[in-house]
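The values are calculated or read from the model by the stated rules, or taken from the named source; none is laboratory data. Keep in mind the model is a prediction, meaning the values are calculated, not measured. Positions of Cβ are backbone-derived with ideal geometry, glycine not excepted, and every protein chain shown enters the neighbour counts. The area values use the complete protein model at the heavy-atom level, side chains included, leaving out ligands, DNA and RNA. Shrake-Rupley method; radii C 1.70, N 1.55, O 1.52, S 1.80 Å.
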Amino acid sequence: MNLFFHPLDLKLKHTFQIARGSCDIKNNVVVLLKDADGIIGYGEAAPNSFFGEDAQSVARVLNQSIDLLKNADPFHLEDITRLLKNRFPGDTAARAAIDIALYDMIGKKLRIPLYQLLGLARPTAKITSYTIGIDTMEKMCAKAHEVKDFPILKIKAGFKEDVEVLKELRKITGAVFRVDVNTGWTLPEAIEKLNLMENLGVEFVEQPFPAGSIEMLQKLRRHVKVPVFVDEEVKDTSDIIAVSHVVDGINIKLMKCGGIREAIRMIHLARAHGLKIMVGCNIESSLSITAAAHVTPLVDYIDLDGHILISNDPYTGVTVDKGRLTLPAGNGLGVTSRSGETLSSLQG
């Protein structure tokens, strides 16, 4: 196989702020894998600086992967996954891009959609949450007005006035609230705020404490009724058992775990330990969001809104109508380029 890649700079509709930072542009990378028959698989890397990746580190890994994949058989997914993980253990977004492209290619070669390749029925139109990033109270309320048709809102928290903002948002919408703290609370804050938020229709809270705070999570569950999920705490299967007794669920992201193959492993292990599962995302285009959408029959909750937070999505794939996700027709991912992107156009 031949590997090609190019940068993808995604523009946010609104400045996206969480408890530990903000951005207006997200620097991603698109991967194209071409086999001997001329079939091209597409993938996307959406690196997260929290895990030590950026567009430059992704590019370095992809450059080194060109020779590694030169003579590889795309159907040897297990061998390729093991090879890349051993060589680039911390570069999960880069590995995810290759993994997604491989699955896209195989689906196209077999002329079946990805969900069928995974042994799944076509996903029904499940509902995704829509994320409201941290901002002034006025702007967060204005954002909620813009998406009043969404039945589930994911509210970014972890700042001083987060409970007051939630109270104002509740006056605007009857949507289910999910609160994502992105490691921004102390234990006393979490206990106090979650007991207040319970009465505001919060379905669950995500990652209240910094990664590694197992004892704090254990204490929190004794004092609050709101279910607790973790995100930054769990990257891949190796992290699940340690938290299985102190949380109610986990957030799996293709970019965080290294792709579809590892995500499936995580789902099965989490189920074996009685955990609920959400599939989430970073700021991504329809390319990788659609890849994650093919896995949704296996999960309980969906947070796949990265592509509707941007203004310059170069691909068409999964669509969202009042929060409901619908997969595109087509083999592999079923994603198409709005510009008719081809290898010749990239190389020319």
Give the stretch 55-69 a look and list any residue that's of a type outside the set (Asp, Glu) and open to solvent by 70 Å² or more (accessible area, probe 1.4 Å), or say none. 56, 60, 63, 64
Residue check for residue 212: without any contact (Cβ under 8 Å) to a residue 24 or more places away in the chain and of a type in the set (Gly, Ala, Ser): yes
Where in the stretch 1-54 are the strands (runs of 3 or more DSSP E), entirely inside, with at least 1 residues that are open to solvent by less than 40 Å² (accessible area, probe 1.4 Å), in contact with a Gly (Cβ under 7 Å, 6 or more places away or on another chain) and closer than 18 Å to residue 182 by Cβ? 2-18
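Are any residues in the stretch 176-188 modelled with pLDDT of 95 or more and open to solvent by less than 60 Å² (accessible area, probe 1.4 Å), and if so, which ones?
Our first condition is that a residue be modelled with pLDDT of 95 or more; within the stretch 176-188, this holds for 176-181, 185-188.
Scanning the stretch 176-188 gives 176, 177, 178, 179, 180, 181, 185, 187.
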With respect to residue 205, determine if the residue is at pLDDT 95 or above, assigned to a strand (DSSP E or B) and closer than 19 Å to residue 277 by Cα. yes
Verdict on residue 90 being touching a residue at least 12 places away in the same chain (Cβ under 8 Å), of a type outside the set (Ser, Thr, Tyr), farther than 27 Å from residue 239 by Cα and open to solvent by less than 60 Å² (accessible area, probe 1.4 Å): no
Count - residues of the stretch 147-166 that are at pLDDT 95 or above and surrounded by fewer than 15 Cβ atoms within 10 Å (Cβ to Cβ): 1
Close pairs from the stretch 51-62: first under 25 Å from residue 212 (Cβ atoms), partner open to solvent by less than 10 Å² (accessible area, probe 1.4 Å) and part of a helix (DSSP H, G or I), Cβ under 8 Å, at least 6 apart: 51/92; 51/93; 51/256; 53/92; 53/93; 53/94; 57/94
